[in-house]
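Laboratory data are not the source of any read-out in this text; all were calculated from the coordinates shown. Quick caveat: nothing in here was measured; it's all calculated off a predicted structure. Note that each Cβ is placed from the backbone with ideal geometry, even for glycine, and that neighbours are counted across all protein chains shown.
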Amino acid sequence: MIDAPSAIGPYQQAIKANGFVFVSGCIPLEPTSMEIVSGGITDQTKQVFKNLTAVVEASGSSLDKVVKTTVFLKSMNDFAAMNAVYAQTFGDHKPARSAVEVSRLPKDVLVEVECIALA
C-alpha cells in the first residue's frame, strides 16, 4: 500500500518508462483523510514532499534518483519558504528544477510538485 493520497482524477500517480519514473503532480493532501493539510506554505510543502517521496519510493526509486522537478506555486511570494523545505528534503542532492507561479492549483492549494526520477 502506498502512503500517499490516491489520485484525484483520471491519471496514474506515476508511470515507469524507459528507465525513468514520471511522477504526477503531488499536492498537500493528507493520505488518510484526503483533506488539505492546515497551515501555510511551509506545512503544505512538507506534506507535498511526504506524498512525493511515498510515490517515488512505491515506484521502486528514491529521492536521490530524482533528476528533474517542477514546482507550481500559487504565489512567488512563497518561493523562499518553499525553497527552504525543498532544500531540506533533497539535502546535497540537487535535481534540475523549474519553479513557476500559476493562477490556480487543484483544490486551491498553495503548491504542487511533480518530478522525473531514474527507475
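Considering amide H positions built from the backbone, and no H for Pro or chain starts, which residues 5 or more places from residue 99, or on another chain, come under 5 Å of its amide H?
Residues meeting the criterion, in which the H sits 1.01 Å from N, are 71.
Ordered by residue, what ³J(HN,Hα) values in Hz, to whole numbers, does the stretch 107-112 give under the Karplus form 6.51 cos²θ - 1.76 cosθ + 1.60, where θ = phi - 60° and Gly and Pro are x?
Rounded to whole hertz, the list is 6, 6, 6, 8, 8, 9.
Would you mind checking which residues have amide H under 5 Å from residue 14's amide H? H placed 1.01 Å from N; only 5 or more apart, or other chain.
24
Once the principal axes of the Cα atoms of the chain are found, what is the range along each, listed largest first in whole angstroms?
Largest first, the chain extends 36, 31, 22 Å along its Cα principal axes.
Provide the descending list of Cα extents for the stretch 3-68 along its principal axes, expressed in whole angstroms.
Computed over the stretch 3-68, the largest-to-smallest principal extents equal 38, 26, 17 Å.
Tabulate in residue order the Karplus-calculated ³J(HN,Hα) for the stretch 68-83, using 6.51 cos²θ - 1.76 cosθ + 1.60 with θ = phi - 60°, rounded to whole Hz; enter x for Gly and Pro.
Listing the rounded values in order: 7, 10, 10, 10, 10, 10, 5, 9, 5, 5, 8, 4, 4, 5, 4, 4 Hz.
Run the dipole for the chain about the Cα centre, Lys and Arg Cβ at +1, Asp and Glu Cβ at -1, nothing else charged, and hand back the magnitude in debye, nearest 20.
Charge dipole of the chain: 300 debye, to the nearest 20.
Report, ordered by chain and residue number, the aspartates and glutamates lying within cross-link reach of residue 68, taken as a straight Cα distance under 12 Å and ignoring same-chain residues fewer than 8 apart.
The qualifying aspartates and glutamates are 114.
Using θ = phi - 60° and the Karplus curve 6.51 cos²θ - 1.76 cosθ + 1.60, what whole-Hz ³J(HN,Hα) does each residue of the stretch 36-53 get, with Gly and Pro shown as x?
My calculation for the stretch 36-53 gives 5, 5, 6, x, x, 4, 5, 5, 5, 5, 4, 5, 4, 6, 4, 5, 4, 4 Hz in order.
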